[in-house]
1. Looking at (1) touching a strand residue (DSSP E or B) at 6+ places or on another chain (Cβ under 7 Å); (2) surrounded by fewer than 18 Cβ atoms within 10 Å (Cβ to Cβ), find the lone condition where Met168 falls short.
2. What's the total number of residues in segment 87-126 that are of a type in the set (Ser, Thr, Tyr) and modelled with pLDDT under 95?
3. Does segment 16-57 hold any residues that are among the β-branched types (Val, Ile, Thr) and modelled with pLDDT of 90 or more, and which are they?
4. Go through segment 183-209 and give me each residue that's assigned to a helix (DSSP H, G or I) and within 12 Å of ligand 1 (Cβ to nearest atom).
5. Could you please find all residues in segment 89-104 being closer than 15 Å to Thr151 by Cβ and away from ligand 2 (no atom under 16 Å from the Cβ)?
6. Residues in segment 158-170 that are without any contact (Cβ under 8 Å) to a residue 24 or more places away in the chain and either under 26 Å from the mean Cα position of the chain (by Cα) or within 11 Å of Ala111 (Cβ to Cβ) (or both): how many?
Amino acid sequence: VADKILESFNEPLSLRQGDVFVSTSIGVATYQKHVSSNADDLLRHADTAMYRAKDAGRNCVAIFDESMLERVTQRLAVETALYRALERRELRLVHQPIVDIELGDVVGFEALMRWTRDDGSIISPAEFIPIAEETGIIVPIGAWALIEALTHLRGWIDAGICPETASMSVNVSPRQLHDPQFVTVVTEALASSGIPAEQLWLEVTESVMITEPTQALASLHRLNALGVRIAIDDFGTGYSSLSLLQRFPIQCIKIDRAFVNDVVTEPATQNIVRTIIAMAIAMGADIVAEGVETTEQLAQLTSLHCHRAQGYLFSRPVHVDDVPRVVKFIEDPTNWREITGRS
Ligand code: C2E
Ligand code: MG
Ligand code: MG
């Protein structure tokens, strides 16, 4: 039955505005004495299975089994804990330097969130950011991250650890851009830290362009008008169209780690990276290569005219107190020669 329903949606529906395609996600649960005792349970299990179908990329059928319950319970636990994480000071930021690869200077930092739960376990952002996004907790957490990151940068500039012009990159989720208060949150974070708007980079992924592009566009334009800069994160991994790219105010393209990883060994990847860089130059945007791990990758990127990079080759993301040491280390000419393999 489920397959038949799915099939029936293969045909477009004709509306006045034109033909539209609708996708369907179906969850199926069957009555089993030991798992479900009543109709409510049965419906809830079907619902759980439907969410699994959505997770699996939509437009498919998922059949309930008991292991799904475990996942739901686990997720609920994470969700509840995440609500308290901010007030319990379980969240912190680590920072990864962004390096000018011609000059050997640290020109900025990317702030990355870390969550240590009360039991001491560390949860990766890849796991908790999507939950924070879905539940909306990302809004207060994201606001906290902005203020925290800019305050850290203020501290380093005042201490003479990095130049007056150093930048701070903060990752922003689509949900935050859709929050009507977001522009105010950014303005207040800039004002309280005294960091000029031009030194704040907001990193958004291509998904921002696809889900409700008009709303995201409006926020980004307002932020841009303040002087805040926008970077496209993980570029090349999403599905953004070139025409959307043209409509978004973008000042930087971050080449995804997946491309950097293969840039030495795969000629096809080299061509893609070359094309991304040419496109960025044509758009008047900066380029940062992400996830640079080896001297060979760095050499290849340099020869392709990429000027900025971040990655384990220079430094892992580090605790705020370790930033001074790390900057000094990278900028030391002897270490720089070692890192880059240049004589
Ligand atoms: P991202 O913004 O693309 O961040 C880069 C990720 O690559 C980070 O993972 C970083 O630790 C990792 N990385 C950096 N250099 C290297 C390298 O040389 N090799 C390898 N293998 N990895 C490297 P992390 O910290 O686990 O963050 C994962 C993602 O979670 C981020 O991807 C970002 O999308 C999201 N995220 C992190 N912090 C925040 C935040 O404060 N707000 C939002 N909305 N998202 C965040
Ligand atoms: Mg990022
Ligand atoms: Mg990235």
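The values are calculated or read from the model by the stated rules, or taken from the named source; none is laboratory data. The model shown is predicted, which means the values in this text are computed figures rather than measured ones. Because the Cβ atoms are built from the backbone with ideal geometry, glycine has one as well, and the counts that use them run over all protein chains shown.
1. The failed condition is (2).
2. Count: 2.
3. Matches in segment 16-57: Thr24, Ile26, Val28, Thr30, Thr48.
4. Selection gives Ser207, Val208.
5. Selection gives Arg89, Leu91, Arg92.
6. Here the count works out to 0.
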